[in-house]
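No lab work stands behind these numbers, since they all come straight from the coordinates. All values derive from a computational prediction rather than experimental measurement. Positions of Cβ are backbone-derived with ideal geometry, glycine not excepted, and every protein chain shown enters the neighbour counts.
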Protein chains: 2
Amino acid sequence: MPVTDKRARLVESAKGLFHEQGVLATTLADVAARAAVPLGNVYYYFKTKDELVCAVIESRSDEVRELLGRLDQKRTPQTRLKGLAEQWGDASEDVARYGCPIGSLSSELDKSHDTAWSRADSPLAILVDWSEAQLRQMGRRDARDLAFSVVSRIQGASLLAQDFGDPEILVREARLFERWVDGLA
Amino acid sequence: MPVTDKRARLVESAKGLFHEQGVLATTLADVAARAAVPLGNVYYYFKTKDELVCAVIESRSDEVRELLGRLDQKRTPQTRLKGLAEQWGDASEDVARYGCPIGSLSSELDKSHDTAWSRADSPLAILVDWSEAQLRQMGRRDARDLAFSVVSRIQGASLLAQDFGDPEILVREARLFERWVDGLA
DNA sequence: GTCTATAAGATGATAGAC
DNA sequence: GTCTATCATCTTATAGAC
């Protein structure tokens, strides 16, 4: 399974289309077309559509880890947590149009019990674990519960922003979130 | 378009299957089978699959209005809001398995821009409006923003409970939510 | 109103030439 | 490694008998 340019292009294409249209609504012909790869050639890189889905999940997880790595540069756990919410606020236009790239992906895939994608390394789980670490550094005993709360609010706000088609919902919730973090001390 | 027993059975069947498998993953053959109605007969009641989807959305909206009507019996806006979160806590097993029936439905349909279902009467919008009314009765100037926060938290927790396959996440978030409502006063 | 049979089109996947 | 052509299947939707 060589890592060629075409393979990367296919994953990138699928990532975008899965976000915009959903996984089930996206055909391999769509993916191939956007990547400028002939349909039949897709099967050289991915034996099945499920395999392509797995590759997309992995890629999303990598993105999340990269983002968290950048946030880790910030000095305090409080600013790091606020930086997380800020990220969704910055992407609010995109999220309002198509939903959160990782939330909507997880939501759709969790329905099909194809155990191909294990829950262990879900992108959402990475976010929760990281948030828990920040809250623990802040001395919170209930770090785990609060971590779920953190990701909950971001994901819920993303869903509403999408449903109402209004990016401002996400921006306002990010602001409320910042105040909440300040209140934790 | 007569309202027969069969029509009701088809809507009920679709409602369940859309929740368990998603809208796109559910075929009209599935819906017909669960409703014990021959496939061809489905088209007497619904000209297209989209029409059936609209009927399901309407039915979900009715369910929400019914729930909120029951909660309106409670004495204070605080207990009414807590009653809302309690509802999701009670259904946590189901939500952890298949996601929130209205959240996952909205999330999936918001991707397909088929304007067949107007955003005006989305079940989520009904929840937000009602929450806003409660918060306004509590004297909050920022009632609208907080209302989005209320529904956000419930929806976000539902998504995480589904992704982690753990109903307790929803129960714990409901508990945190109750404390938050008490702190608003 | 009800149901069977089937048309029409799309989609995942494969065979095999180059 | 790459691509064309195509198969097999599934799914929405319709035609038309009862």
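List the residue from chain A whose beta-carbon is nearest to the axis that rotates chain A onto chain B, together with that distance in whole Å.
Its Cβ sits closest to the axis: A:G156, 2.
For label points placed 7 Å from Cα toward Cβ, what is the shortest-first list of nm distances from B:T115 to its copies?
So the label point of B:T115 gives 4.6 nm to the other copies.
Output wanted: per-residue J couplings in Hz (rounded whole) for the range A:133-148, from phi through Karplus 6.51 cos²θ - 1.76 cosθ + 1.60, θ = phi - 60°, x for Gly and Pro.
4, 4, 5, 5, 5, 7, x, 7, 5, 8, 3, 4, 4, 5, 4, 4
Taking the Cα centre of chain A as origin, work out the dipole magnitude from +1 charges on Lys and Arg Cβ and -1 charges on Asp and Glu Cβ, in debye rounded to 20. Let's see the in-between values first.
Values: 25 positive and 29 negative charges, 89 e Å.
Result for chain A is approximately 420 debye, rounded to the nearest 20.
Net charge near B:R97: determine it from the other residues with C-beta under 10 Å of the C-beta of B:R97, scoring Lys and Arg +1 and Asp and Glu -1.
Working: positive: A:K111; negative: A:D110, B:E20, B:E93, B:D94.
Residues close to B:R97 contribute a combined charge of -3.
In whole Å, how far is the Cα centre of the range A:87-146 from that of the range B:56-119?
The range A:87-146 and the range B:56-119 have Cα centres separated by 22 Å.
Mind checking the mean number of beta-carbon atoms from other chains within 10 Å of the Cβ atoms in A:9-19?
Taking the mean over all residues of the peptide, I get 0.
Can you list, largest first and rounded to whole Å, the semi-axes you get for the range A:12-53 by taking the square root of 5 times each eigenvalue of its Cα gyration tensor?
Over the Cα atoms of the range A:12-53, the semi-axes work out to 15, 11, 8 Å.
Report the Cα centroid-to-centroid distance between the range B:1-41 and the range B:159-185 in angstrom, as an integer.
Rounded to whole Å, the Cα centres lie 32 Å apart.
Semi-axes of the equivalent ellipsoid of the range B:15-141: what are they in whole Å, largest first, if each equals the square root of 5 times a C-alpha gyration tensor eigenvalue? Don't skip to the end; give the middle numbers.
Working: eigenvalues 200, 50, 33 Å².
For the range B:15-141, the ellipsoid semi-axes come out as 32, 16, 13 Å.
In whole Hz, with x marking every Gly and Pro, tabulate ³J(HN,Hα) for the range A:108-114 from phi via Karplus 6.51 cos²θ - 1.76 cosθ + 1.60, θ = phi - 60°.
Rounded to whole hertz, the list is 6, 6, 5, 7, 8, 6, 4.
Where Rh is the Kirkwood radius over the Cα pairs of the protein assembly as shown, the temperature 25 °C and the viscosity 0.890 mPa s, what D in µm²/s does Stokes-Einstein return?
Working: Rh = 21.6 Å.
The calculation lands on 114 µm²/s.
Positive end of the charge dipole of the range B:100-185 (Lys, Arg +1 and Asp, Glu -1 on Cβ, about the Cα centre): tell me which of B:A161, B:T115, B:L127 has its Cα farthest that way.
B:L127
With springs connecting C-alpha atoms under 10 Å apart, model chain A as a Gaussian network and identify which of A:T48, A:T27, A:T115 has the largest mean-square fluctuation.
Fluctuation is largest for A:T115.
Strictly over 27 Å apart at the Cα level, which of A:K15/A:K74; A:K6/A:K49; A:K111/B:K49; A:K74/A:K111; A:K49/B:K47; B:K6/B:K111 would you flag in this model?
Working: A:K15/A:K74 29 Å; A:K6/A:K49 16 Å; A:K111/B:K49 20 Å; A:K74/A:K111 37 Å; A:K49/B:K47 31 Å; B:K6/B:K111 30 Å.
Beyond 27 Å: A:K15/A:K74; A:K74/A:K111; A:K49/B:K47; B:K6/B:K111.
Along the charge dipole of the range B:1-85, pointing to its positive end and built from +1/-1 on Cβ of Lys, Arg, Asp and Glu, which listed residue (B:Q21, B:V11, B:S59) has its Cα farthest out?
Of the options given, the answer is B:S59.
In deg cm²/dmol, rounded to 500, what helix-only [θ] at 222 nm does chain B give when every DSSP H run of at least 4 residues adds -39500 (n - 2.57) and the total is split over its residues?
Theoretical 222 nm ellipticity from helices: -24500 deg cm²/dmol.
At q = 0.13, 0.15, 0.17 Å⁻¹, what base-10 log of I(q)/I(0) does the Debye formula yield for the range B:109-183 when every alpha carbon is treated as an equal point scatterer in vacuo?
Debye output, listed in q order: -0.50, -0.64, -0.78.
Which whole-Hz ³J(HN,Hα) couplings does the range B:91-100 yield from phi under the Karplus relation 6.51 cos²θ - 1.76 cosθ + 1.60, θ = phi - 60°, glycine and proline marked x?
9, 4, 4, 5, 5, 5, 7, 10, x, 5
Over the range A:100-146, with a single point scatterer placed on each C-alpha, what log10 of the ratio I(q)/I(0) does the Debye formula yield at q = 0.14, 0.21, 0.26, 0.33 1/Å?
-0.44, -0.74, -0.89, -1.13
Between copies, how far does the label point of B:A33 sit from its twins, in nm, shortest first, when each point is 7 Å from Cα along Cα→Cβ?
3.1
Would you tell me the mean number of C-beta atoms belonging to other protein chains that fall within 10 Å of each C-beta in A:34-47, as a whole number?
0
Determine the relative contact order of the range A:4-56: mean sequence separation of Cα pairs under 8 Å and six or more apart, normalised by residue count, in whole percent. Could you put the intermediate results ahead of the total?
Values: 38 pairs, mean separation 22.2, N = 53.
Reported as a whole number, the value is 42 percent.
Give the average, rounded to an integer, of partner chain Cβ atoms located within 10 angstrom of each Cβ in A:178-185.
On the way: counts 0, 0, 2, 0, 0, 1, 0, 0.
So the per-residue partner count for this stretch is 0.
Picking from A:K47, A:K82, A:K74, which is most flexible by a Gaussian network model of chain A using Cα springs under 10 Å?
Of A:K47, A:K82, A:K74, the most mobile in the Gaussian network model is A:K47.
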